[in-house]
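Report on one structure; see the data block that follows.
Here, each number is a calculation from the coordinates, and none is a lab measurement. Because the structure is a prediction, the values reported are computed rather than measured. All Cβ positions, glycine included, derive from the backbone under ideal geometry; neighbour counts span all protein chains shown.
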Amino acid sequence: MDRFARLCSRYFGFYRGFSIGISDVSPSAKLRKVKYDILSEGYEKAEVAIKKYEDGTLELRPGCDLLQSLEEILNGILGKLRESAGQEAMKALPWSNTPRIMAECGSKGSPLNISQMMACVGQQAVGGKRIQDGFVNRTLPHFQYHSLIPPAKGFVANSFYSGLTATEFIFHTMGGREGLVDTAVKTAETGYMARRLMKALEDLSLRYDNSVRNSENTVVQFTYGDDSLDPSKMENNDRPVQFDRLHLHISQTFPCPDEKNLYKKDLLDKVEQALDERFQSLLPKGKKFLGEIQSFFEDIVEKQKETIESCENASFIQQRTWNSCRFTETQVDEFLSSALTKYTKALVEPGEAVGAIGAQSISEPGTQMTLKTFHFAGVSSMNVTLGVPRLKEIINASKNISTPIITARLVQDNNKVGARIVKAGIEKTTLGEVCSYMKEVYHEECYLSIQLDMEAIEQLRLNIDARTVRRCILKGIRGQTRPPILRGLSERHVLIKKGSKSKLRVLVPEKDTPAFFQMTALKVALPRVIVQGIATVNRAVINEETKGGNPSYHLLVEGYGLAEVMGSPGIDGRHTTTNHLIEVEQTLGVEAARTSISSEISYIMNAYGIGIDTRHLLLLSDVMTFKGEVLGITRFGVAKMRESVLMLASFEKTTDHLFDAACHGRTDTIDGVSECIIMGKAAPIGTGMFKLLKRATRAAKPPVPSIMERGLLLA
Amino acid sequence: MMEVDTPTEPTNFNRGGGGVTLTPEASRLFRVYKTVSSMLTKRGYMVSREMREMTPMSFTERFGEFPSREGLTILVEKPDDSTNQLFVFFPEDEKVGVKPIKILTDRMKDEQVSNAILVLRGDITPFAKQAVMEMSDSFRIEHFKEPELLVDITQHTLVPEHLVLSQNEKQELLKRYRLRETQLPRIQPNDPVARYYGMKRGQVVKIIRPSETAGRYVTYRVCL
């Protein structure tokens, strides 16, 4: 083998190998021209957008201010620039171009790398934004103050071949540095996460009654992964049998040329009968598996129907169906028994250390997640944290997360005006935003006169008038601490003008402090009074989707307060969810939180194109919730999950745990994995789970040989 | 020229759906009332059909356009045991103190009802909470805040079906898996769903949830 390997590399080296040089990435004059055209067109578009921004005529993106909208538009334009320049470069390359061969056969590099070498390096970003100002109001002294043009904000128009200008070079290093720092930090973070996960899950094993329990014998799952199948034995997409492949295999190994093809009802009846006879023992866990078999055969019948219909000549039917949808009686039998064997073989065996496997299966892909890329939750302005930081939030069960988002379904989801009204009821509106003036009046009495801007209120479809404002000033919204000056106001201090719906007076309360100071304090506090909406919500955005041709709207609410949003009029509370686990637990209970944990983790992983078997995620979410509350995989959470002192001491805060145990005279039963390793016992997991009892019959004492026989004494 | 506001005049607000226009306050109460009635049904109390199938229309018909909370009071009983009764009170106060609770318990004493649910507008004072705790031997008084009952959480997509097991079923379960009570997965007594079903310590709930891998999965949690 060794020699053969050496032979291969020599052969490649002499006959088939290649290297790459500068000539492989030199752009042709034509490509340079195309690139120039693309870039100048893009720059023009950017300039137009910047001009609009400066004039204030730029159209706002939903939920963004003017600058954010501009950045978003520019981001789109500049991103497309690099992309189209890259595409042109790739198009220009012949098939024999060596970098292209490397990229296409997947040995190293990607079209992105090639286009960076040949055409354009593209926009550099730090922290997900274009390069921010490092000097006074500009990125570098080479540019004008407040300049927003692409080159001044880190767009590298040159390629590595043509060479970067000085400013481009520095921007590129800034972007590159972030990447390096990110990988360095991420390895440490994922490593720690892996250790914590392992500690929390190490002692979970499958028992002989098919339940997953920890070393204290507490049940974590009654059936592993809901169906007690082993994730490592899955054939296809977390499912035990890939039916198409099995069908192909059976039709090749059992051609049965003499038998008749089963059609439609015959086939389905045959399958039905076989399932009833042989597969009933799989229920209830295999309910889905049985469903899959049935739907597979239904598909086959459908295919048969299509094939027959498309055949003009009846003699072709046999020929056409042969490889695609032919099933004879023997084949069905063989197919089903093979599927049954596969399923039974895929069942997890008692003793399996499902916890340890799960911990590894979740943390290993975690190390592959590079860069904390943001992702858009439908609307482009709603960023969701992803990657390792988000995974950390979930696993720690953090109370404060960086991007809490509530997705709220509307009762009437086809009506944009209705959606606006509901949105207005949720998004917080302050008094300062809806009043046209707030005047100090020093006349006999001292008071503040407030005029509500009824026109604006009407336009925004708010439900505000002088009465509601008065109530808000006096009562405030629950759960918010109000400034002391407002707490000093009583009923008779806030008056409404008779017959008016929009004018209020706020009298200065009588106190020791001079009226002027109180007036000033009022003037500061009153504009901040929330007159409508939920205080914990930052903003809400209406998201439009097309469902079957009709537009459908739902709300994306940034902030906390699931319970309040669910209760808001016009919201369909039953379909309103959040990505904040603790909030789900508090308003909907542990079971809901459990579901959220696994779906949130799989959402992150899917965003990176990583698939983790759901059974691992289910196990993790069950471990985090089996104590009745959501426990993070942190030292506090793990301490609540497990009793063993030795295990906890080997995790974190060693002395604290040992000291505490010594104080209270704790006992440790030594059945967990960590404890057993510390004490040098075999861990009760896998083959170590059971003990063997042997009936002891006392053996006859071996005869003691005499001294003479042992030859110790010389005769 | 200036007058003090009197908070009786209603502000009309179209909820934008259903066709029936309720005042915001009435629609709030209707939603709470609806949740309470489905909660009582799920707890196994006999709830009249009229209550179960109440629409905004019939709600206004029965309780008027500006329903008083006093009038909403409900008394229900278990079908098999007519002495096992439960009161649902809707106290008017923003913050319920000891005094109103005293009045309610007196009424419970008079009518020999041992269970009650308070639906609070705002909150309950710490003293009142303590008083309720002290009385827990003779009267079991649960309290919910109105905002919690606006939506029936058991209808939520994330919340699976919960069924509270009887004592016999619980013993059978423990025997089947050879478990002690403490070895079951848990649910806290103050968990929203546990409170919805009024679970007591030691009761076991059977949870039937849809499963991605098995189609349907059954698990149990003990209230501890």
Scan the range A:655-691 for trypsin sites (Lys or Arg not before Pro) in coil per DSSP, keeping those whose Cβ has at most 11 other Cβ atoms within 10 Å, and list them by number. A:K691
Cross-link candidates for A:K503: which lysines have Cα within less than 18 Å, leaving aside residues fewer than 8 places away along the same chain? A:K439, A:K523
Going by Cα centres, the range B:42-113 and the range A:283-311 are how many Å apart? 53 Å
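Given R₀ = 45 Å, FRET efficiency for A:F659-B:R62 by Cβ-Cβ distance, to 0.05? Write down the numbers at each step before the final one.
Numbers: r = 65 Å, r/R0 = 1.44.
My answer for the efficiency is 0.10.
With a cut-off of 8 Å between alpha carbons and a minimum separation of six or more residues, what is the relative contact order of the range B:26-99 in percent? Mind dumping the intermediate values first?
On the way: 60 pairs, mean separation 19.2, N = 74.
The value is 26 percent.
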What is the set of long-range amide H partners of B:L120 at a cut-off below 5 Å, with H atoms built 1.01 Å from backbone N? B:F144, B:K145, B:E146
If the cut-off is a Cα-Cα distance under 19 Å, which lysines reach B:K99, setting aside same-chain residues fewer than 8 apart in sequence? B:K109, B:K129, B:K145
Using θ = phi - 60° and Karplus 6.51 cos²θ - 1.76 cosθ + 1.60, couplings along the range A:166-173 (whole Hz; Gly, Pro as x): 4, 5, 4, 4, 5, 5, 5, 5
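How long is the gain from A:F690 to A:E178 if the chain were fully straight, where each residue apart is worth 0.36 nm and the alpha carbon distance is subtracted? Intermediate values should be presented prior to the final figure.
Values: separation 512, 0.36 × 512 = 184.32 nm, distance 5.20 nm.
Full extension from A:F690 to A:E178 adds 179.1 nm.
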Per residue of the range B:108-119, in order, report the coupling 6.51 cos²θ - 1.76 cosθ + 1.60 (Karplus, θ = phi - 60°) as ³J(HN,Hα) in whole Hz, putting x for Gly and Pro. 4, 4, 4, 9, 6, 10, 9, 10, 8, 10, 9, 9
Here D for the protein assembly as shown, in µm²/s, from Stokes-Einstein with a Kirkwood Rh over Cα pairs at 4 °C and 1.567 mPa s, works out to 38 µm²/s
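Normalised by the residues of chain B, what does the relative contact order come to in percent, with Cα pairs under 8 Å and at least six apart?
Values: 297 pairs, mean separation 30.9, N = 224.
So the answer I get is 14 percent.
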Could you work out how far apart the two model spin labels at A:E41 and A:Y161 are, taking each label as a point 7 Å from the Cα in the direction of the beta carbon, and quote it in nm? 2.0 nm
Extended-chain gain in nm, criterion 0.36 nm per residue less alpha-carbon gap, A:N210 and A:I308: 30.6 nm
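Using Cβ counts within 10 Å as a stand-in for footprinting exposure, how do B:R52, A:R61 rank, fewest first? Let's see the in-between values first.
Numbers: B:R52 12, A:R61 18.
By the 10 Å Cβ count, ascending: B:R52, A:R61.
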Please identify every one of the GluC sites (Glu not before Pro) in the range A:1-110 that sits in a loop by DSSP and has no more than 13 other beta carbons within 10 Å of its own beta carbon. A:E59
Quick one: if you stick a label point 7 Å off each Cα along the C-beta vector at A:F14 and A:R635, how many nm between them? 6.3 nm
Going by average Cβ neighbours within 10 Å, how do the peptides A:529-537, A:178-186 rank, with the highest at the top? A:529-537, A:178-186
Looking only at other chains, what is the average number of their beta-carbon atoms within 10 angstrom of each beta-carbon in B:203-216? 6
Residues of the range B:156-182 with backbone nitrogen within less than 17 Å of a virtual label 7 Å along the Cα-to-Cβ line of B:R201, please, listed as ranges. B:181-182
Taking 30 Å as R0, compute the FRET efficiency from the Cβ-Cβ separation of A:D453 and A:Y145 and round it to 0.05. 0.25
So what's the Cα pair-distance distribution over the range A:429-532, bin width 5 Å, in %? 2, 13, 25, 27, 19, 10, 3, 1, 0
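Provide the three semi-axes, in whole Å and in decreasing order, of the ellipsoid equivalent to the range B:154-223 as defined by the square roots of 5 times the Cα gyration tensor eigenvalues.
20, 17, 9
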For A:L562, what charge total do you get from the other residues with a beta carbon under 12 Å from its beta carbon, if Lys and Arg give +1 and Asp and Glu give -1? -4
Extending each Cα 7 Å along its Cβ direction at B:R216 and A:F135, get the distance between those two points in nm, one decimal. 7.2 nm
Taking the convex hull of the alpha carbon atoms in the range A:49-192, what volume per residue do you get, in Å³? 161 Å³
Sequence ranges B:83-93, A:268-278, ranked by mean other-Cβ count within 10 angstrom, highest first: B:83-93, A:268-278
Spelling it out for A:Q123: with amide H atoms placed in the peptide plane at 1.01 Å from N, the residues 5 or more places away or on another chain with amide H under 5 Å from its amide H are A:V156
How high is the relative contact order of the range A:429-532, in percent, with contacts defined as C-alpha pairs under 8 Å that are six or more residues apart? 39 percent
From the phi of every residue in the range B:76-92, what ³J(HN,Hα) in whole Hz does the Karplus formula 6.51 cos²θ - 1.76 cosθ + 1.60 yield, where θ is phi - 60° and glycine or proline is x? 10, 9, 6, x, 8, 9, 6, 7, 7, 10, 9, 9, 10, 9, 10, x, 6
On a C-alpha basis, how far is the centre of the range A:530-608 from the centre of the range A:81-153 in Å? Whole number, if you could? 37 Å
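For a quick check of your reading of the filter: which trypsin sites (Lys or Arg not before Pro) in the range B:141-207 sit in a DSSP loop and have no more than 11 other Cβ atoms within 10 Å? Don't jump to the answer; show the numbers that get you there.
Values: sites: B:K145, B:K170, B:K175, B:R176, B:R178, B:R180, B:R186, B:R195, B:K200, B:R201, B:K206; in loops: B:R178, B:R180, B:K200, B:R201.
Of the trypsin sites (Lys or Arg not before Pro), the ones in loops of the range B:141-207 whose Cβ has at most 11 other Cβ atoms within 10 Å are B:R178, B:R180, B:K200, B:R201.
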Long-range amide H partners of A:D572, meaning residues 5 or more apart or on another chain whose placed amide H is closer than 5 Å, are A:R409, A:L410, A:V411
Overall dimensions of the range A:235-345 by Cα: Rg and Dmax, Å: 14.2, 46
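What number, rounded to the nearest 500 deg cm²/dmol, is the helix-based mean residue ellipticity at 222 nm of chain A, given -39500 (n - 2.57) per DSSP H run of at least four residues and division by all its residues?
Values: 28 runs with 338 residues, N = 715.
The per-residue figure over chain A is -14500 deg cm²/dmol.
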Residues A:F18, A:F289 in order from fewest to most other beta-carbon atoms within 10 Å are A:F18, A:F289
How big is the range B:24-151 by the Kirkwood estimate over distinct Cα pairs, in Å? 15.1 Å
Based on Cα positions only, what radius of gyration and what Dmax would you give for chain B, in angstroms? 20.0, 78
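Just to verify a number: FRET efficiency for A:T330 and A:I610, C-beta to C-beta distance, R0 = 41 Å, to 0.05? Don't jump to the answer; show the numbers that get you there.
On the way: r = 41 Å, r/R0 = 1.01.
The calculated FRET efficiency here is 0.50.
Based on other C-beta atoms within 10 Å, arrange A:I597, B:I187 from fewest to most.
Working: A:I597 25, B:I187 29.
In increasing order of surrounding Cβ atoms, one gets A:I597, B:I187.
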